[in-house]
Amino acid sequence: ILPSGGIVKIMGVPGLTIEKIFVAAGQTVKQGTPLFQLDGVTVAGGLAGATLDLETAKKDAEYRATIEAMTVKLMEARLQHAKRDAANYRAVGSSGISEKELSRLQQAVEESQAGLDVEKVRAQQLQFDLANSIRAATIRQDAAAAGAARYAARAPSDGTVLKIDRGEGDQTTGEPVVEFGD
């Protein structure tokens, strides 16, 4: 007797160990019923690593963004200091300051402004890079979580477990673990 929908051979990922078989031969099941679970140690390790990567990316982003904000603030303070020095010397007038000293102070203001501009651009790039780093870590974590869910084989439709070809503790080889029919 052959099922009208044929025999569905359900296999596991080759090389993983069958951790638990939830059904018996001849058992009738509903669609989505767990049939067997593969050892998820490798998968769990990948998920744990991806979760750690995400947490690290978030902490790194927080730390580096704080450092960059402090650097921008420092550059702003240096610019204000240079402007104040230049203004103070200008207030003394031409009798109290040489043209060379005034030129040096103006150059300090311009260099401070340029340094601030560079830090602001660097801060924007850092924000972009950190956001992408977090996004990539989130994608890796989501993929690892999805991969972990794939290691539980479920009934593809309502039907009957016809045969169980492997036992708990056996490694999957690419051959069927369970044969199933409608």
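Rg over Rh for the chain works out to 1.50, both radii taken from alpha-carbon positions and Rh defined as the Kirkwood radius. Each residue of segment 17-34 was assigned a 3J(HN,Hα) from its phi angle through the Karplus curve 6.51 cos²θ - 1.76 cosθ + 1.60 (θ = phi - 60°); the sequence is 9, 6, 7, 8, 10, 9, 10, 10, 4, x, 6, 8, 9, 8, 4, x, 5, x Hz, with glycine and proline shown as x. Surface exposure of the chain, expressed per residue as accessible area with a 1.4 Å probe, stands at 62 Å².
Taking amide H atoms as placed 1.01 Å from N in the peptide plane, the amide H of LEU162 lies under 5 Å from those of GLY26, GLU179, PHE180, GLY181, each 5 or more residues away in sequence or on another chain.
Here's the picture: charge each Lys and Arg Cβ at +1 and each Asp and Glu Cβ at -1 in segment 65-137, and of GLY93, LEU105, LEU126 the one pushed furthest to the positive end of that dipole is GLY93. Between LYS20 and GLN37, the built amide H atoms are under 5 Å apart, and every one of these is 5 or more places off in sequence or on another chain. Between GLN124 and GLU110, the contour length at 0.36 nm per residue exceeds the alpha carbon distance by 2.9 nm. In a DSSP loop and with at most 15 other Cβ atoms within 10 Å, the trypsin sites (Lys or Arg not before Pro) in segment 2-71 are LYS30. For segment 110-182 and segment 55-97, what is the separation of their Cα centres, given in Å? Rounded to whole Å, the Cα centres lie 43 Å apart. Mean sequence separation of contacting Cα pairs (under 8 Å, at least six apart), scaled by the length of segment 18-82, corresponds to a relative contact order of 25 percent.
The calculated pair-distance distribution of segment 94-182 uses every alpha carbon pair, bins of 5 angstrom beginning at 0, and gives 3, 10, 9, 9, 8, 7, 6, 5, 6, 5, 5, 4, 4, 4, 3, 3, 3, 3, 2, 2, 1, 0 percent. Near LEU79: Cβ cut-off under 15 Å, other residues only, Lys/Arg at +1 and Asp/Glu at -1. The net charge is -1. Placing unit charges on the Cβ atoms only, positive for Lys and Arg and negative for Asp and Glu, gives the chain a dipole magnitude near 480 debye about its Cα centre. Ligands, DNA and RNA left out, the accessible area of the chain computed with a 1.4 Å probe is 56% carbon and sulfur.
The Cα atoms of segment 63-105 cover 49, 16, 7 Å along the three principal axes, with the biggest extent listed first.
Pairs exceeding 25 Å between alpha-carbon atoms, taken from LYS30/LYS163; LYS59/LYS83; LYS83/LYS120; LYS20/LYS58: LYS59/LYS83; LYS20/LYS58.
The Rg/Rh ratio for segment 101-152 is 1.55, where Rg is the radius of gyration of the alpha carbons and Rh is the Kirkwood radius. Quotient of the Cα radius of gyration of segment 1-106 and 2.2 N^0.38 Å, N being its number of residues: 2.77.
Taking Cα atoms only, the orientation of helix 99-149 departs from the longest principal axis of the chain by about 10 degrees. Each of LEU35, GLY115, ALA77 was placed along the dipole of segment 24-120 (beta-carbon charges, centred on the mean Cα), and the one lying farthest toward the positive end is ALA77. For LYS30, the shell of other residues with beta-carbons less than 14 Å away shows a net charge of -1, using +1 for Lys and Arg and -1 for Asp and Glu.
The values are calculated or read from the model by the stated rules, or taken from the named source; none is laboratory data. Please read these numbers as outputs of a predicted model, since none were measured by experiment. Neighbour counts run over all protein chains shown; Cβ positions are idealised from the backbone, glycine included. Surface areas here come from the heavy atoms of the whole protein model, side chains and all, with no ligands, DNA or RNA. Shrake-Rupley method; radii C 1.70, N 1.55, O 1.52, S 1.80 Å.
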